[in-house]
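Inspection log for the structure reproduced underneath, given as structure tokens.
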Amino acid sequence: MSIKENLSNIKQTIPDAVTLVAVSKTKPMSFIQETYDEGQRVFGENRVQEMTEKWANLPKDIEWHMIGHLQRNKVKYMAEYVSLVHGVDSPRLLAEINKQAEKHNRVISCLLQVHIAEEDTKFGFNEKELLELVNNEEFKAYNNVKIEGLMGMATFTDNMDQVRREFSGLKMLFTKLKSNYADFTTLSMGMSGDYKIAIEEGSTMVRIGSSIFGSRN
Ligand SMILES: *Cc1c(COP(=O)(O)O)cnc(C)c1O
């Protein structure tokens with residue numbers, strides 16, 4: 001099937017209220033252009049250098065989302081243009097994003113990554129760390145970042161009951177925080193293999209790569 005058909009099939013399974021992030025990491029710019037021509041405007045990348053190269057060469061109304069683990073020393077290269085950083089997983093990273101955004105007179109939207117999977121290879125805060133962060137006075141004083149919600153990745157497993165439990169736990173945490181923080185609007189959860197479950201459990205943003213662009217090496 002073509003990218004165009006893949007995109008159209010995926011879109012038919014996603015409610016209008018859920019944002020589709022087309023994850024184009026490792027894929028050539030021609031693939032992005034093809035989906036752009038079909039109306040897709042939100043793309044996700046996990047390497048700053050690759051994303052910046054694509055940003056420089058593709059239409060300027062694309063929204064670029066950084067979805068991968070981010071090193072602090074890379075933030076400066078994308079601070080000028082990045083639309084949403086999904087994987088904020090430490091207070092120091094948040095501080096750096098705030099600092100670099102200030103240099104460009106921007107407010108960068110961020111999601112806090114929550115560790116919901118059983119593997120310890122996946123990054124993110126636990127609930128206690130998360131509550132400490134959002135209640136921290138220093139963090140509240142940041143003017144150049146806006147925390148819009150949470151992001152999580154479920155365990156890589158065939159056990160869909162487990163995946164559902166992990167997503168539902170994240171949704172509960174999101175709801176809890178949302179009642180105190182008006183800016184909380186986005187819950188980023190769900191990839192090609194599990195996005196339907198994620199949507200059933202309350203996702204507002206799904207990150208889909210291989211089901212649109214084909215598998216990666
Ligand atoms: C690569 C990646 C995705 C997309 O994965 P697919 O299985 O190809 O849909 C989603 N989220 C993150 C954080 C990723 O790194």
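Derivation of every value follows stated rules applied to the coordinates shown; laboratory data play no part. This one's a predicted model, so the numbers in the text were calculated from it and none came from an experiment. Don't worry about glycine lacking a Cβ; one is built from the backbone with ideal geometry, like all the others, and counts go over all protein chains shown.
Using alpha carbon coordinates only, what is the Rg to Rh ratio of segment 1-73, with Rh defined as the Kirkwood radius? List each step's numbers first, then the result.
Details: Rg = 12.6 Å, Rh = 12.9 Å.
That ratio equals 0.97.
Can you compute 3J(HN,Hα) from phi for each residue in segment 72-82, using the Karplus curve 6.51 cos²θ - 1.76 cosθ + 1.60 with θ = phi - 60°, rounded to whole Hz and x for Gly and Pro?
4, 6, 9, 4, 4, 6, 10, 4, 5, 9, 4
May I have the extent of the alpha carbons of segment 103-170 along their three principal axes, as whole Å values ordered from largest to smallest?
For segment 103-170, the Cα spread along each principal axis is 45, 24, 20 Å.
To check my understanding: the extent here is largest minus smallest coordinate of the Cα atoms along each principal axis. What are those three numbers for segment 105-217, in Å, largest first?
Principal extents (largest minus smallest coordinate, Cα): 42, 30, 25 Å.
Please report, in debye to the nearest 20, how large the charge dipole of the chain is about its Cα centre when each Lys and Arg carries +1 at its beta carbon and each Asp and Glu carries -1 there. List each step's numbers first, then the result.
Values: 27 positive and 30 negative charges, 90 e Å.
Using only the charged Cβ atoms, the result is roughly 440 debye.
Between Leu131 and Met29, how high is the FRET efficiency from 1/(1 + (r/R0)^6) when r is the Cβ-Cβ distance and R₀ = 35 Å? Nearest 0.05. Don't jump to the answer; show the numbers that get you there.
Numbers: r = 41 Å, r/R0 = 1.17.
FRET efficiency, Leu131 to Met29: 0.30.
Say we join alpha carbon atoms closer than 10 Å with springs in a Gaussian network model of the chain; which of Arg92, Arg164, Arg47 then has the biggest fluctuation?
Arg92
May I ask you to list the lysines whose Cα is less than 21 Å away from that of Lys11, ignoring any residue fewer than eight positions away on the same chain?
Correct list for Lys11: Lys25, Lys27, Lys196.
Just add up the charged neighbours of Lys25: K/R +1, D/E -1, any other residue whose Cβ is under 13 Å from the Cβ of Lys25. Before the final figure, lay out the partial values.
Working: positive: Lys27, Arg47, Lys54, Arg207, Arg216; negative: Glu45, Glu50, Glu53.
That sum, taken over residues with Cβ under 13 Å, equals +2.
With a 10 Å cut-off between alpha carbons and a GNM built on the chain, which of Gly87, Gly193, Gly152 moves the most?
Of Gly87, Gly193, Gly152, the Gaussian network model singles out Gly193 as fluctuating most.
Would you compute the Debye intensity of segment 1-149 from its alpha-carbon atoms alone, equal scatterers and no solvent, and pass along log10 I(q)/I(0) at q = 0.11, 0.16 Å⁻¹ to two decimals?
-0.46, -0.93
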